[in-house]
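K.L.:
My questions will all concern the structure given below.
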Amino acid sequence: RALFVVGHEFAHVSNKMGYNRDNLGSLLQYYHNDTYPEAIADVLGALSILYTGRVNRYDFLTNFCQVWCSRVPLYYSHPPGQVHPSGNDRCNHLVYTLDHFYPELAKLVQTRI
């Protein structure tokens, strides 16, 4: 968890340096537009951890999703201007993004130190 948080926060540098919102539209298609800064940080943080091979996709996502699991009211919709995705969306959208754009991560096996 700690390494993901470091990767996530470090990925916020991309927000400070600027990015082309239109070019990210495909990668972040599952996220609400207002949440792109957090979405970028979540995706880059996840990729930085997963490509180390120190944790497999299943274990990482199980842990990540347990942290963000939340009850969502019936007919909930994302509030305008809210930068953070809702808890369940944060998990679900990361899973959809990894499945869609990085299917090879499902095949990576955790290495032992």
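K.L.:
Among the residues of the range 28-86, which ones are closer than 29 Å to residue 18 by Cβ, of a type in the set (Phe, Trp, Tyr) and part of a helix (DSSP H, G or I)?
P.N.:
36, 60, 64, 68
K.L.:
In the range 42-66, which residue that is within 16 Å of residue 93 (Cα to Cα) and among the charged types (D, E, K, R) is surrounded by the fewest Cβ atoms within 10 Å (Cβ to Cβ)? If you could, list the steps in order and put the result at the bottom.
P.N.:
Quick first cut of the range 42-66, residues within 16 Å of residue 93 (Cα to Cα) only: 42-47, 57-58, 60-66.
Filter again for among the charged types (D, E, K, R), leaving 42, 57.
Working: 42: 26, 57: 21.
My answer is 57.
K.L.:
List the number of the failed condition for residue 23; all other conditions in (1) closer than 20 Å to residue 92 by Cα; (2) in a helix (DSSP H, G or I); (3) open to solvent by 70 Å² or more (accessible area, probe 1.4 Å) hold.
P.N.:
Here residue 23 clears every test but (1).
The values are calculated or read from the model by the stated rules, or taken from the named source; none is laboratory data. Everything quoted here is computed from the prediction, not taken from an experiment. Ideal geometry is used to build each Cβ from the backbone, glycine not excepted, and the neighbour counts take in all protein chains shown. Ligands, DNA and RNA are excluded from the accessible area calculation, which covers all protein heavy atoms including side chains. Shrake-Rupley method; radii C 1.70, N 1.55, O 1.52, S 1.80 Å.
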